[in-house]
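Any read-out appearing in this document is the output of simple, stated calculations on the displayed coordinates, not a laboratory observation. Just so it is clear, the model here is predicted, and its values are computed rather than measured. Cβ sites come from the backbone with ideal geometry, for glycine too, and all protein chains shown count toward neighbours.
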Amino acid sequence: MKKSNIIILFFLVLITISCNFSKKSKLEYELKKIYNKQIKKQKTSEGLVYELNYSNNIGDVKRDTRLITNFTDRILNSNQTEKYLDTPGDNYSTLNDIYYWDTPEIRVFLKATRSLSSDNKIFYVVTEK
């Protein structure tokens, strides 16, 4: 291979990698902007897991779930691949909304839990491929 071809290939790979990082960064930035509090995040084998705790605020969970799905659609330039609304949780007093996006570069999973108790949370998992 010519030296110029190697340099061009290197820059294409670099641009591709930076685009993937920028999508992940944009998702995290928008998530923090909406939640407006410290977000608990943990790196797992499934990806980077963000946990947003809403205690007794069922209305806030519904509102923020809608906002999060909208910005995720926009940033990934893709609509949800799968969506399950009001699926029963572990007990009869819990409902879950589940959303899933799958693009060639990144995979996102969102689970919003609404409960009559104080266990209202949004889990947002970002996995780079």
Exposure proxy order (Cβ contacts within 10 Å, fewest to most) of Leu52, Leu95: Leu95, Leu52
Percent RCO, i.e. relative contact order, over the range 22-128, from Cα pairs under 8 Å lying at least 6 residues apart: 29
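Taking all pairs of distinct Cα atoms, average 1/r, flip it, and tell me the Kirkwood hydrodynamic radius of the chain in Å to one decimal place.
The Cα-based Kirkwood calculation yields 16.0 Å.
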Assigning unit charges at the beta carbon (Lys, Arg +1; Asp, Glu -1) and nothing else, what dipole magnitude in debye, to the nearest 20, does the range 22-128 show about its Cα centre? 420
Each label point is 7 Å from the Cα along the Cα-to-Cβ direction; what then is the distance between the points at Thr103 and Leu48, in nm? 1.4
Which pairs break 19 Å Cα to Cα here: Lys83/Lys129; Lys83/Lys111; Lys33/Lys83? Lys83/Lys129; Lys33/Lys83
Of the listed pairs Lys2/Lys23; Lys43/Lys121; Lys3/Lys23; Lys3/Lys43; Lys23/Lys62, those with alpha carbons more than 29 Å apart are Lys2/Lys23; Lys3/Lys23; Lys3/Lys43
Karplus-derived 3J(HN,Hα), 6.51/-1.76/1.60, for each residue of the range 75-88, Hz, glycine and proline x: 5, 7, 6, 7, 8, 4, 6, 9, 8, 10, 10, 6, 7, x
Which order results if Tyr100, Tyr84 are arranged by neighbouring Cβ count within 10 Å, fewest first? Tyr84, Tyr100
Computed over the chain: longest principal axis from alpha-carbon atoms vs helix 3-35 long axis, angle to nearest 10 degrees, is 20
